1. About its Cα centre, how strong a charge dipole does the range 467-617 have in debye, to the nearest 20, once Lys and Arg get +1 and Asp and Glu get -1 at the Cβ?
2. If you put +1 on each Lys and Arg Cβ and -1 on each Asp and Glu Cβ, how big is the dipole of the chain around its Cα centre, in Debye rounded to 20?
3. Can you give me the accessible area per residue for the range 137-238, using a 1.4 Å probe, in Å²?
4. State the answer as a single residue: which of 381, 130, 598 lies farthest towards the positive end of the charge dipole of the chain, with beta carbon charges of +1 for Lys and Arg and -1 for Asp and Glu, about the Cα centre.
5. Report the equivalent ellipsoid semi-axes for the chain in whole Å, largest first, defined as the square roots of five times the eigenvalues of the gyration tensor built from alpha carbon atoms.
6. What does the charge dipole of the range 1-134 about its Cα centre add up to, to the nearest 20 debye, if the Cβ of each Lys and Arg holds +1 and the Cβ of each Asp and Glu holds -1?
7. Can you give the log10 of the normalised intensity I(q)/I(0) at q = 0.09, 0.14, 0.21 Å⁻¹, computed with Debye over equal Cα scatterers of the range 470-617?
8. Around residue 143, under 14 Å between beta carbons, what's the net of Lys plus Arg minus Asp minus Glu among the other residues?
Amino acid sequence: MVGPSRQRTPNPHLGAYYGIVASAFVSLAILLALAEQLGWSDGSIARLMMLLPLAFYLVIAGASRTLDIEDFFASGRRVPPVYNALVLAAITVGGTGFFAYTGAIFFLGFDALAIGLGWTCGLLLASVLFVPYLRRAGAYTLPAFLGQRFQSREARIAAGAMLIAPTALLLAAEMKIAAAVFAIFMPLPFWLAVLLIALFVAAAGILGGMRSLTWSGSAEFIAGAIGLAVPLIVVSVLLTHLPAPQFTYGEMFGSLQGAETAAGMSPVGPGEIFPVLPETTPLQAGKPFLQSFGTITRAGFFAIFLCIALGTAALPTLLSRSGVTCSVADQRRSTAWALALVALFAITAPSLAAFAKILMFRDMALVPTEGLPAWLSVLSQLQLAQARDVNGDGVIAAGELFVMRDGVALALPILAELPYVLTALMAAAGLAIALAATGSHLFTLGTGLAEDIYGVIDVRPIELPRLMVVWAAIAACALVAAVFLLVAEVDALRSALTAFAFAGATFFPILLLAIWWPRCTAWGALASLGTGFGILFLCLTVGGFFGIAETATGICAASLIAGVLALGAGVAASLYGPAATPSDAAYFDAMRRPDGETLFDQAQARATAAEQRANEE
């Protein structure tokens, strides 16, 4: 018999609250624009545009603080679909998408679209295959779901350990992006920016867990969307006379091709200029924007697309938010909204890259070194681009213009010679999205270590010590990530791609078996997890000597092979090992009924009732 659901009513004033958030952010930009006209310095404008929203996000996180277990781990299961979708979209895109993906499109053109298509398709797969059933299960973390599904401590611990790799890689990538932007516009030394970002996201996670991250993340996404849309729409109006860049930048392709040709750019073949992904150092923009499969083969494009899609569908940080809405139906709606938002970004990013390339090469085509455009000196000061007359012929060709991949989005307002406040607005937007993603990845990593590894070994029924363990894990992970960024060189885009590869190879096969195949057992789960993770790890370490890990295509192909072998290992171990128990079958059947309370909450209620009866006796 299915028990009735508890009534969970979202705050009816959320729309008004976040309307105020959006209005405050827009008002801040308008006031700073007026201040710029009155003679305020660029540094003062940038610092205010960065610090005031940061203080606002921290206030929201503080106001959402909680010691309640369900609020801390699942936002009380009462988040409206749209607000959960805002955070899901921020996690999927992140600062890596905002800066590194747009930069990759600038350099690779059509070939980089495999990443955006992968994100969109991955969310679609998650919404159909996994999310409704995870919401019905109600586990706080992905390893906890696997532990409950197979009634196996070993499966939960193994999943918790293997969760570390993809989540830590994404945490490092997002923190690197956030710290780099913060360091440029404050300005601060990079090491200090890293420590401040780590402190900020750790404080947000510790104050209220998933609840704080949900409400502060929603505000950060709103700020990010506004900050991206306003400069891009202004540039679109200047170039195409219409405020719809997604639909109008195509009419600029003729001008773009002419500028690229005049700058000496010619078609390239796969592997000639980049190992598929452009790196973080200043690079030559040597590939025509519209050339398809110029740096990658068709097979490589499909491999990257499929790897990103599977990794997005099985990403632990995204799936851990499957239990925060009021019902299964709300969770479906939430994922649909997130899919729409990510798809909108996926078709918006090419317009940003195209506009930046048009503006850059229109001015740079065969310009004498004495007459370089004014924006080049600004970009050079920000270390976003530089031009060198390498051959000394007095002109700058395409091969002599070096651009930072992660700085293309920041360069757009400067290239269009817009007021400086719009450059600061774009930076604040990217920082906000990066902070939302960083906080969520940090929380997922901390709860995985505390709940799924330490908590399985040392179960404490008292709530406060349980939260203290999570707090300590979040703080420790933030510190370790900060130290790692200070001692290692991290390429945000490559780290993110590797993280999606690990998520797809490790978690997609077992989730598919656990949710859609009743015969799957704990032995199958352990075999699938170990095979997927182990083979990909060997390919990236031992195979690195043979060049497998040197290209994005190699990483993604290794992930797909590992995923197929993991699926086979899970099936084989389930068929030839011990059969599924009746309780496993009952859980599988109950998970497929969308009505009633979550299975986790039902189990908690039964345990509480049994404890009360025991105390009465």
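The values are calculated or read from the model by the stated rules, or taken from the named source; none is laboratory data. The structure presented is a predicted model; accordingly, all values stated were derived computationally and were not measured. Note that each Cβ is placed from the backbone with ideal geometry, even for glycine, and that neighbours are counted across all protein chains shown. Calculation scope for accessible area: heavy atoms of the full protein, side chains included, ligands and nucleic acids excluded. Shrake-Rupley method; radii C 1.70, N 1.55, O 1.52, S 1.80 Å.
1. In debye, rounded to 20, the range 467-617 gives about 360.
2. On the way: 30 positive and 36 negative charges, 280 e Å.
Using only the charged Cβ atoms, the result is roughly 1340 debye.
3. Values: 2790 Å² over 102 residues.
For the range 137-238, the solvent-accessible area averages 27 Å² per residue.
4. Of the options given, the answer is 598.
5. Values: eigenvalues 368, 157, 80 Å².
Its equivalent ellipsoid spans semi-axes of 43, 28, 20 Å.
6. On the way: 6 positive and 6 negative charges, 88 e Å.
The calculation lands at about 420 debye.
7. Reported log10 I(q)/I(0), two decimals: -0.47, -0.89, -1.15.
8. Values: positive: 149, 153, 156; negative: 154, 451, 452.
The answer is 0.
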